[in-house]
Every structure is written in C-alpha cells, then in structure tokens.
C-alpha cells in the first residue's frame with residue numbers, strides 16, 4: 001500500500017493534473033466540503049464533474065488500495081456493533097467485516113485519514129480501508145441504516161368548500177360514465193331539472209313553514225243532537 005496519508009488535497013491535485021476536472025471546480029468542491037457541505041468525493045460525483053468509477057480508479061492508483069464495493073462484498077451488519085452510526089452515515093462509510101480487532105471498511109472513494117483515525121480511537125480497532133464508490137455506498141446506507149422517509153400526508157383538506165367537493169364528485173361520475181360509453185348529456189339535463197325542482201320546493205324568505213305532506217285526519221260532523 002502507498003505510504004501517502006489519505007486526504008482530499010492529493011486527490012484534487014491528481015484530478016487536475018490528469019485533466020479530469022477543472023482547477024476552479026476542484027477548488028469550489030474543496031471549499032464546499034471544508035465549510036460543512038458535501039464531502040469532497042460526493043460533491044464531485046453529484047455535480048458530475050467526474051464519474052463515480054473514474055474517481056475510485058484514481059484513488060486506487062494513487063494510494064495502492066484495493067477496490068471493493070458493497071455490491072460485490074455483502075456487508076456484515078454485525079461489524080457495525082459499537083460504532084457511531086451517525087458518524088458512518090455522515091461520512092458515507094460502510095463497515096464490511098470484522099475479524100478480531102481488524103475492521104474492514106469501505107470508503108466512498110476516499111475519506112481523510114483523520115476520519116478513519118476517529119473510528120479506530122473510539123472502537124479500539126485497527127482499520128483496513130478499501131475503495132468503494134460514492135453512489136453504491138450512499139445507496140446501501142439509505143437502504144439499511146438511514147430512517148425511512150416520512151410518508152406523504154394523506155390528510156384530506158376539509159376546508160374545501162362544499163360546492164368544490166360536489167364538482168369533484170360530478171367530474172368523477174362523468175369520467176366513469178364516459179369510460180362505460182354512456183351518453184351523459186341526458187343525465188346532465190336530468191340532474192339540472194332535479195336541482196331546479198328541489199330549489200322550487202324550498203320556502204322563500206317570506207313563505208311560511210312547509211306543510212307536512214301527511215294527509216290530514218278528517219273528523220266527520222256529528223249527527224244531530226250528539227254532544228261532543
């Protein structure tokens with residue numbers, strides 16, 4: 001393995017020297033990373049300044065590290081026991097396996113040596129780093145470690161005016177009838193007539209109460225001389 005210390009600056013210089021990325025774009029990505037933005041490799045890939053595979057290839061050549069993605073090596077979730085999961089997610093790192101005191105960890109192309117040093121210090125493990133890709137690591141983390149995204153709200157907006165609800169139902173009914181190849185014009189006309197009929201049956205502002213439709217009981221006149 002190359003004895004050079006893992007870091008973004010050496011990679012940045014190599015990308016510019018090989019003509020893969022413009023110097024200004026590299027500086028912008030480095031600046032973003034140093035100010036709490038995306039990690040340098042992820043910023044490069046997300047902005048499509050360099051392909052995921054090309055970036056990993058350069059890292060392997062620079063540092064003499066093996067290339068092994070999470071798509072090839074199935075990560076053992078037991079190897080994450082006792083590690084800071086939020087720290088792993090933040091830095092795009094996926095532990096692959098643990099043998100004794102040696103933890104094999106897949107990098108998203110590269111992370112600074114200080115990041116791996118933090119994991120080693122907190123876990124009392126020796127870190128063996130391999131080169132993965134930004135996107136495959138991120139996909140695996142999102143699927144296996146990050147909480148699922150909240151489902152979109154299914155609450156119904158009850159503030160909608162009743163007339164708007166009526167229009168929605170009318171449109172839905174019309175769509176069904178059209179799908180059944182039914183002539184909806186007569187139905188529309190019938191609906192209008194029914195609405196007009198119902199409106200005419202309602203009392204106006206000056207009208208009295210509506211009389212019940214129940215038939216009145218007729219009491220016959222008593223026979224002559226009968227006292228009620």
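One line per residue, one yes/no per condition, for (1) buried (at least 19 other Cβ atoms within 10 Å of the Cβ); (2) modelled with pLDDT of 95 or more:
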| position | (1), (2) |
| --- | --- |
| 1 | no, no |
| 13 | no, yes |
| 16 | no, yes |
| 36 | no, no |
| 54 | no, yes |
| 65 | yes, yes |
| 71 | no, no |
| 76 | no, no |
| 82 | no, no |
> Applying the selection to the stretch 68-125, what residues are in a strand (DSSP E or B) and either touching a residue at least 12 places away in the same chain (Cβ under 8 Å) or touching a helix residue (DSSP H, G or I) at 6+ places or on another chain (Cβ under 7 Å) (or both)?
Replying inline: 94, 95, 96, 97, 98, 102, 103, 104, 105, 106, 107
> Which one of 65, 49 is assigned by TED's automatic domain parsing to the domain that holds residue 106, more than 33 Å from the chain's Cα centre (by Cα) and not in a helix (DSSP H, G or I)?
Replying inline: 65
>> Here's a check for you: in the stretch 126-149, which residue that is modelled with pLDDT of 95 or more and over 19 Å from residue 46 (Cβ atoms) is surrounded by the most Cβ atoms within 10 Å (Cβ to Cβ)?
In response: 129
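The values are calculated or read from the model by the stated rules, or taken from the named source; none is laboratory data. Note that the coordinates shown come from a computational prediction; the quantities given were computed from them, not determined experimentally. Here the Cβ is made from the backbone with ideal geometry for all residues, glycine too, and neighbour counts use every protein chain on show.
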